[in-house]
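Accompanying notes for the structure given below.
Just so it is clear, none of the values below were taken in a lab; they were calculated from the coordinates. Here the structure is a predicted model, which means the values were calculated and not measured. Ideal geometry is used to build each Cβ from the backbone, glycine not excepted, and the neighbour counts take in all protein chains shown.
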Amino acid sequence: MTPTPHAPHTPKVQEALEARDALAAALSRAGIQLPAMDIRTPWADDRKAEAQYALIHLGVCSAPVALMLADVIAKGIAG
């Protein structure tokens, strides 16, 4: 997965990429895949601005995937 074409590659974007990849790996170990995960900055149209932060866009998922996510989270909370 790569950042959106508009996101300048800054330390904050790199941080978001690493977080996205860690989340994708953890979800994969739980048998869950969110194929639309991406990185977004609040000013995606301004290619010269340095990102103060970047967001991990999780995309949409089906009801079964949402239920799987809820189950994994509940099990994690329960310990």
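In this label model, Gln14 and Ile73 are separated by 3.1 nm, measuring between points 7 Å along each Cα→Cβ vector.
Per-residue extension of 0.36 nm, minus the Cα-Cα distance of Val65 and Ser28, leaves a gain of 12.1 nm for this segment.
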